[in-house]
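The values are calculated or read from the model by the stated rules, or taken from the named source; none is laboratory data. Bear in mind the structure is a predicted one, so any value in this text is a computation, not a measurement. No Cβ is skipped: glycine too gets one built from the backbone with ideal geometry, and neighbour counts run over all protein chains shown. Ligands, DNA and RNA are stripped out before the accessible areas are found, and what is left, the full protein with its side chains, is counted by its heavy atoms. Shrake-Rupley method; radii C 1.70, N 1.55, O 1.52, S 1.80 Å.
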Amino acid sequence: MFIPLTHPLFSALPEMRPLVRDSWRRSLDTISSPEHAAPPLVWEDAQLQEFRRNHPLAAVMPVIQALLVVPSHDTGLLIAVGDEHGRLLWVEGDSAARTHGEKINFASGMDWSEAAAGTSAPGTALALGRPVQIVGEEHFNPAVHSWSCTAVPVHDPDSGGLLGVVDITGGPDAVGANTLSLVQATVAAAEAQLRIQRLERLAAASRNSRPGPTRNTRSSRNTENGPAKSLYRDSLQVLGRDHGLLHVAGEAVTLSERHTEILTMLAMHPAGLSAEQLTDMVYPEGTSLTSIRAEMVRLRKLLHKHAPSLVPESRPYRLPQALVVDAGQVLSYLDRGAHRLALNIYKGAVLPRSEAPAVSELRTRTGLLLREAILNDASPEVVLAYLQLPEAADDAEAWHSALRLLPQRSPRRAAVVAHLESLEH
């Protein structure tokens with residue numbers, strides 16, 4: 001929806017800064033008016049605790065605690081740490097301010113992205129990928145006009161991608177002359193700590209990959225629980241991607257489609273697979289074993305260079321240590337009934353272009369189980385989030401489900417009705 005600059009909402013702040021004006025326009029794309037900017041709850045306590053444990057910023061919370069949270073006690077300030085989508089993982093600081101913040105849903109587990117809450121320092125900083133300060137009535141939501149805030153995004157020290165955001169919220173002191181520098185210094189320290197942990201893990205993986213008289217297969221598989229344990233578990237992203245993205249030892253490696261298919265199957269079958277089993281999973285019926293053996297040679301060569309700790313063993317083919325596949329995480333969460341966490345991870349179908357038999361089965365099973373769980377959730381926010389997925393665009397049943405769940409006066413009904421009408425035509 002295009003909102004012209006002549007829209008009456010913009011007359012509320014005639015001196016509106018361009019940064020804020022642009023943010024209000026983006027906010028109006030998803031929120032019908034400032035009065036409807038109500039940050040929704042994303043995670044209940046148990047789900048929040050689990051998501052915190054698995055989030056990369058958990059490893060640097062001691063740094064943030066020491067530099068920001070502890071000094072903020074009795075200052076009237078709140079320190080918030082959110083994920084890359086603007087969902088608040090931790091809100092710490094002055095106890096009275098926390099109580100006041102809860103009245104405007106500024107609390108752990110809430111979504112403060114621009115799309116959900118409108119203009120605010122955490123959401124706008126993530127939208128722009130740079131530090132932002134928002135003062136009083138610059139906030140899109142009138143309920144937040146008595147607050148000011150400063151937020152700085154946290155970037156991955158290797159890829160540069162967004163990991164989350166660190167925010168100070170409160171009164172005028174939250175946008176004081178030195179506040180921005182303080183938050184920037186804290187984020188720089190946190191990013192440095194991430195990099196140190198990555199380098200330590202890389203060094204440990206390199207040591208473990210060297211042959212030695214005392215090294216054995218059993219000890220090499222336990223690095224996850226020993227000194228080499230650090231920020232990330234080794235992981236493979238296959239959701240919504242045509243080529244897998246492998247994260248290992250602080251490095252991100254893009255794989256070919258075939259190598260992604262093979263590595264996915266090995267990761268999903270930690271006990272190992274024979275050459276025959278792996279061939280049946282990856283190749284069309286009738287393909288000879290020569291193909292899988294040749295591909296394994298190429299995959300081993302690639303992993304020796306970029307991820308020596310993951311070079312597959314033979315007879316059977318298996319990985320020497322655990323590799324987390326995002327599709328496997330989704331299935332695990334669904335199995336435990338944590339479908340909101342599953343939806344947070346789900347970025348789209350598993351390797352959409354792959355024709356590998358086992359990948360096709362995994363793609364279908366993951367998509368169907370997620371859809372079933374979401375449509376049975378009976379929460380309009382969760383169903384509406386699911387409808388943003390490409391595979392839900394033509395799912396009339398899912399859109400009808402959202403229409404049934406939305407209150408009669410909800411401003412979101414109009415968009416749902418319009419979409420259903422377009423499907424019917």
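In segment 65-81, which residue that is outside any loop (DSSP other than H, G, I, E, B), of a type in the set (A, V, I, L, M) and touching a residue at least 12 places away in the same chain (Cβ under 8 Å) is most open to solvent (accessible area, probe 1.4 Å)?
Once the filter is applied, the top-ranked residue is L67.
Does K305 meet the test of being open to solvent by 30 Å² or more (accessible area, probe 1.4 Å) and under 17 Å from E391 (Cα atoms)?
Judged against the criteria, K305 is not a match.
Can you name every residue in segment 105-146 that is outside any loop (DSSP other than H, G, I, E, B) and open to solvent by 50 Å² or more (accessible area, probe 1.4 Å)?
A115, A127, L128, Q133, V135, E137, P142, A143
Answer with yes or no whether R21 is surrounded by 16 or more Cβ atoms within 10 Å (Cβ to Cβ) and either assigned to a helix (DSSP H, G or I) or modelled with pLDDT under 85 (or both).
no
Could you say whether any residue in segment 41-63 is in a strand (DSSP E or B), modelled with pLDDT under 90 and of a type outside the set (F, W, Y)?
Looking through segment 41-63, at least one residue is in a strand (DSSP E or B), modelled with pLDDT under 90 and of a type outside the set (F, W, Y).
Considering E84, E102, which residue is open to solvent by 30 Å² or more (accessible area, probe 1.4 Å) and under 19 Å from Q184 (Cβ atoms)?
One residue alone meets the criteria, E84.
Using the structure shown, decide if S27 is under 21 Å from A80 (Cβ atoms) and either surrounded by 15 or more Cβ atoms within 10 Å (Cβ to Cβ) or not acidic (D, E) (or both).
So S27 fits the description; yes.
Answer yes if at least one residue in segment 402-409 is outside any helix (DSSP H, G or I), within 26 Å of V42 (Cβ to Cβ) and open to solvent by less than 30 Å² (accessible area, probe 1.4 Å), and no otherwise.
yes
Out of P40, P62, which single residue is touching a strand residue (DSSP E or B) at 6+ places or on another chain (Cβ under 6 Å) and open to solvent by 20 Å² or more (accessible area, probe 1.4 Å)?
So the residue among P40, P62 that is touching a strand residue (DSSP E or B) at 6+ places or on another chain (Cβ under 6 Å) and open to solvent by 20 Å² or more (accessible area, probe 1.4 Å) is P40.
Quick check on my filter: what residues within segment 332-366 are within 17 Å of M281 (Cβ to Cβ) and buried (at least 18 other Cβ atoms within 10 Å of the Cβ)?
Hits for segment 332-366 are V350, L351, S354, A356, A358, V359, L362, R363, T366.
Could you check segment 172-265 for strands (runs of 3 or more DSSP E) lying wholly inside it with 3 or more residues that are open to solvent by less than 20 Å² (accessible area, probe 1.4 Å) and either at pLDDT below 75 or of a type in the set (S, T, N, Q) (or both)?
Filter on segment 172-265 gives an empty set.
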